[in-house]
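Colleague: This structure is in structure tokens; I'll ask about it shortly.
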Amino acid sequence: MPYDCELEDELKALDGVDYVGTEHHYCIESSKNFTYKGSKMDNFIDIAYTISDEEMYLKFYDEENNTVDGVEKGCFYSNAAFIQDIDVSKGDIFELSFDDNKLSLKYMGVIKCPTIAHEATASPYLLFDAEDIKFIGEHKKNDIFDDKDVFVNAADTEKIDKLVEKYENAYVMPRDEIKEYFLFDMVAAYIMMMISAVLMVTVFVVLRFTIMFTISEEYREIGVMKAVGVDNGSIRSLYIAKYLVISIVGALIGYAASLPLGSMMLDSVSQNMVLECGSNALIGLLSSAAVVALIMLFCYTCTRRVNKLSPIDAVRNGETGERFKRKSLLRLGSSRLPSNVFMSINDFVSAPKQFGIITVIFTLCLLMMTLMSNLALTLKSENMAWLFGAAECDAHIYDTTYFVDAFVDYDNYKDILAKTDIMLEDIGIEGESGMTMGFRYEVDHGDKTANEFCYVSKGLKNDLVTADEGTMPQKRDEVAMTGYALDDLDAEIGDRVSITIGDKTDEYIITGKYSSFLNGGHGIFMHPDVDLVENNNFQSMGVNIKFDGDPDDETKDEYIEKIKKAIDSEKVCTTSELVKTATQMSDTLNSVKQMMMMITVIVTLMIVILMERSFISKEKGEIALMKAVGIPNSSIIAQHTLRFVISAVLALIISTAVLMPASNAVMNFVSSMIGDVTGIKCNYDPLEVFFICPMILVGVTVIGSWLTALYTKTIKASDTASIE
Amino acid sequence: MNTVLQAKGLCKTYVVNKRQNNVLKNIDLTVSEGDMVAVMGPSGSGKSTLLYCVSGMDRVTAGEVIFNGKETASLNDKELARVRLDEMGFIFQQMYMMKNLSVLDNIIFPAVKSKNNKETRAQTEERGRALMKRLGIEDVGSNDINEVSGGQLQRACICRSMINSPKIIFADEPTGALNRSSSDEVMNELLKLNNDGTTVMCVTHDPKVAAKCSRVLYLVDGSIVGEKVLGHFDSEEKSLRDRERELNGWLMEQGW
């Protein structure tokens, strides 16, 4: 093995260290080293790494969450990053080739392990049999990207920190920080939880109303029972028992349905991580019991009024002595509104609590749809490029083989940019190119030392990297740092830090603080005049190209196709596509958005139908009276429909007002979990968030309430005779 | 006198649990302009059903109802609703009103909904106030309906029934939920309306109320078994007592 074992030896010699294990990673430079179904692969950006089944020091799990103990010769497992965007089945054959040396491999499925989890810059990891690893080691081109993870069990991590500081290209990650690998998956899970919470609130509100209205429907019977001497406790226990049976049956059905549904939802967010599923059944049972308890609480509070009612009040359908209890707020005589509109608005303001809750639910549903739309759009927008160290420009070459030389020898970046400019000229495109590169260096501030990634942009001027506080470096001895990097060094703007680049240590003044997703938000941005020195820890999003003359999208696509042909690689894309590839969340959020649209339609219909049905039942007397005095069905239906439309329109106005502040807050919250990021302004699609989504809500409301309001036709004018 | 309302061979049958219940049987009835007709009879005799059938609030099973020259069976629900809105007024035993509207708004609501009404909202409101003043409830216009007495509310219902200047007012036990004093006030108002030319058809159990009407129909088991013509009431106390005595005697003969 070509690895130096000095670090492991020193670690083993430390007091309190009881275990040291090394997982070596060979690099496979490009996706093009793999052939699948006769074509070279081009689905992943980064370098792929290998793991030998003899060095599995962490637990690896397969798709069914079973432990993987070893790999047969000629077979391999991969993480999700390797198979992204391609349709692969277990048993499929891949070919790994290094020039003329080829190895046929059978795909065994996805493996999950914290250190190879899917995140913004996750590389493909492949688990091989030790014999196959030897083949790779013998035939691969270079070892510049080879690395290793050393797993240490120790009581005192400070000693390890001090030891590792000596090694330029090594850094320590405590066990707790490993969970950060799952941030993107966690974000998807959090969003799923948020949606579930909103749904639960909505369902409980509807449930409470349903119970309340059902009981108020039966006040007459309650009155009769009270009149014949049945005590309050017995009457309430009748209803509580009835709802107990209904809720237990409902909870059991819900529990049974939750098992496959829960697994489906868990699967959607646990592609890369193993979630504890053993206690799901118990949690499901406890949740079902909690739902029953909550329904009982609703029932208890809803039946409390039985105590307050005299028998005759109850017979009068719950009216307490006074014939009516609501107050008129608007005046028909002084209003210029059409009578149906007036009546609807008057009903709305006369029952603010009921219609207010409906409005809040509509607002939440609409906000969930539009928020998802904004987040999905932002996570693939060009505005996010700078957070990944890529300039907002027209095209990006992210094929590692194209720019790998810059990491073998830093000065090669000049050749890479030069060959790019020549290539552009050759294919008749006017433009310029640039690269943002980062290497990890030792940075000192006072008694604090940290190994931080230091980035420099060459070629194109990266104007988009702006400082959240202070300014970006204007002179050679100035740097801007992320908040996390400042924390690592216990430094602040205005302080001086020493950065050791190669053999040379220079002092730099911190002039600003900026945001970044790269390297978990730990980073330093240097002046373009600074020259870096290559080492084994590097980062780059590739070569950025800006076309001259501000061409339209069609021309840009045409140019990108030309570049693909010129460099013989499919890995050329727009900034938006690059961000989408980097975050990998945009598609997930788009799916969530579509799910939210469906949920919104269902929830809105459910609310509208249940509530309108309850209103009709409660207002049967008024409807009959209106019919008796000659108000046509169409007017009554219009009035009932309009009340819900007013709620929907109000929800639309509220959600429009809060959408952008809420989107920015959520986006910044989500981003702060991934990296050190503040001040993101969300993108939005005006057509979608201000027209399509609201129209879905209003359309469903109109259709749902109109269809339900048709039920008023069954109430006859002569029903006035049977109304108490 | 012109005929406002005519029923010929009117039958109404309800089917409950596959059993036929003939509530009204072959009723012939004519109400002329300016009449004040009381419909009396024991409970379950079909009084209210007769009122609902002739007023178009319910469909008849057989026979004809001709209102103001129009056969109501030939009208669809929308046309029938329009007839009820523009040409009929209704008063019920319970003072049904819309709880989200003030007393005055409840009164003017049918006028606001009427397509025949070409007035501005302010003019309609003014007319509503004038009606309230006429019935002595002008002070409660802006009140909620839970802030006024039963008598005031029933007078407000009369105002509402009058707002579109109907040809006939149907009253289903209009004093049934009121005390004697309020009952007298309400009946006096109906009498005034009748004296001004509005036709009134009123279902009642109260001979004192019926005694103020010009004609009394007596229903038993869905058939009109008798009719007493009392003539128009001139509102003098002596005459009322005579009419009551005369009516009570007749009712006794009918089996009251």
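Colleague: From the list A:Ala491, A:Ala467, A:Ala480, pick out the single residue that is modelled with pLDDT under 90 and touching a strand residue (DSSP E or B) at 6+ places or on another chain (Cβ under 8 Å).
Modeller: Only one candidate qualifies: A:Ala467.
One line per residue, one yes/no per condition, for (1) out of contact with any Pro (no Cβ under 8 Å at 6 or more places or on another chain); (2) surrounded by fewer than 22 Cβ atoms within 10 Å (Cβ to Cβ):
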site: A:Lys620; (1), (2): yes, yes
site: A:Ile623; (1), (2): yes, no
site: A:Val629; (1), (2): no, no
site: A:Asn633; (1), (2): yes, yes
site: A:Ile636; (1), (2): yes, no
site: A:Leu642; (1), (2): yes, no
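Colleague: Could you grab me the full set of residues in the stretch B:38-93 that are under 13 Å from the mean Cα position of the chain (by Cα), over 16 Å from B:Lys12 (Cβ atoms) and within 12 Å of chain A (Cβ to nearest Cβ)?
Modeller: Within the stretch B:38-93, B:Arg84, B:Glu87, B:Met88, B:Gly89, B:Phe90, B:Ile91, B:Phe92, B:Gln93 qualify.
Listed here are the residues, each with its yes/no results for (1) among the acidic types (Asp, Glu); (2) farther than 22 Å from B:Leu101 by Cβ; (3) open to solvent by 20 Å² or more (accessible area, probe 1.4 Å).
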residue	(1), (2), (3)
B:Ile145	no, no, no
B:Asn195	no, yes, yes
B:Thr198	no, yes, no
B:Val209	no, yes, no
B:Leu219	no, yes, no
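Colleague: If we only count helices (runs of 4 or more DSSP H) wholly inside the stretch A:239-349, which ones have 1 or more residues that are at pLDDT 80 or above and in contact with a Lys or Arg (Cβ under 6 Å, 6 or more places away or on another chain)?
Modeller: Because the criterion is at least 1 residues that are at pLDDT 80 or above and in contact with a Lys or Arg (Cβ under 6 Å, 6 or more places away or on another chain), the helices (runs of 4 or more DSSP H) in the stretch A:239-349 that meet it are A:280-303.
Colleague: Okay, next question. Which one of these is among the basic types (Lys, Arg), modelled with pLDDT of 90 or more and touching a helix residue (DSSP H, G or I) at 6+ places or on another chain (Cβ under 7 Å): B:Arg215, B:Arg160?
Modeller: Result of the check over B:Arg215, B:Arg160: B:Arg160.
Colleague: Applying the selection to the stretch B:120-143, what residues are open to solvent by 70 Å² or more (accessible area, probe 1.4 Å) and more than 24 Å from A:Leu329 (Cβ to Cβ)?
Modeller: B:Lys133, B:Arg134
Colleague: If you don't mind, there's one more thing I want to ask. Determine if the stretch B:166-188 includes at least one residue that is over 18 Å from the mean Cα position of the chain (by Cα) and within 12 Å of another protein chain (Cβ to nearest Cβ).
Modeller: Within the stretch B:166-188, none of the residues are over 18 Å from the mean Cα position of the chain (by Cα) and within 12 Å of another protein chain (Cβ to nearest Cβ).
Colleague: Within the stretch A:503-511, does at least one residue satisfy the condition of being part of a loop (DSSP other than H, G, I, E, B) and assigned by TED's automatic domain parsing to the domain that holds A:Asn412?
Modeller: yes
Colleague: Now, a different point. Just name the residue that is nearest to B:Arg121 (Cα to Cα) out of those in the stretch A:326-355 that are facing chain B (nearest Cβ under 7 Å) and in contact (Cβ under 8 Å) with a residue 24 or more places away in the chain.
Modeller: Looking at residues that are facing chain B (nearest Cβ under 7 Å) and in contact (Cβ under 8 Å) with a residue 24 or more places away in the chain, I get A:Ser339.
Colleague: Follow-up. Pick out the one residue from A:Ala662, A:Ala657 that is among the small types (Gly, Ala, Ser), in a helix (DSSP H, G or I) and in contact (Cβ under 8 Å) with a residue 60 or more places away in the chain.
Modeller: A:Ala662
Colleague: Right, something else. Regarding A:Thr604, is this residue buried (at least 24 other Cβ atoms within 10 Å of the Cβ), more than 14 Å from every other protein chain (Cβ to nearest Cβ) and assigned to a helix (DSSP H, G or I)?
Modeller: Judged against the criteria, A:Thr604 is a match.
Colleague: Taking the condition of being within 12 Å of chain A (Cβ to nearest Cβ) and touching a residue at least 40 places away in the same chain (Cβ under 8 Å), how many residues in the stretch B:120-145 meet it?
Modeller: 4
Colleague: Of the conditions (1) outside any helix (DSSP H, G or I); (2) within 27 Å of A:Ile493 (Cβ to Cβ), A:Met384 fails just one. Which one is it?
Modeller: Checking A:Met384 against (1) outside any helix (DSSP H, G or I); (2) within 27 Å of A:Ile493 (Cβ to Cβ), the one that fails is (1).
Colleague: May I pose another question? Within the stretch B:110-119, track down each residue that is more than 9 Å from every other protein chain (Cβ to nearest Cβ), surrounded by 14 or more Cβ atoms within 10 Å (Cβ to Cβ) and not small (Gly, Ala, Ser).
Modeller: Scanning the stretch B:110-119 gives B:Asn117, B:Glu119.
The values are calculated or read from the model by the stated rules, or taken from the named source; none is laboratory data. Values in this document were obtained by computation on a predicted structure and should not be read as measured data. Neighbour counts run over all protein chains shown; Cβ positions are idealised from the backbone, glycine included. Surface accessibility is based on the protein's heavy atoms, side chains included, excluding ligands, DNA and RNA. Shrake-Rupley method; radii C 1.70, N 1.55, O 1.52, S 1.80 Å.
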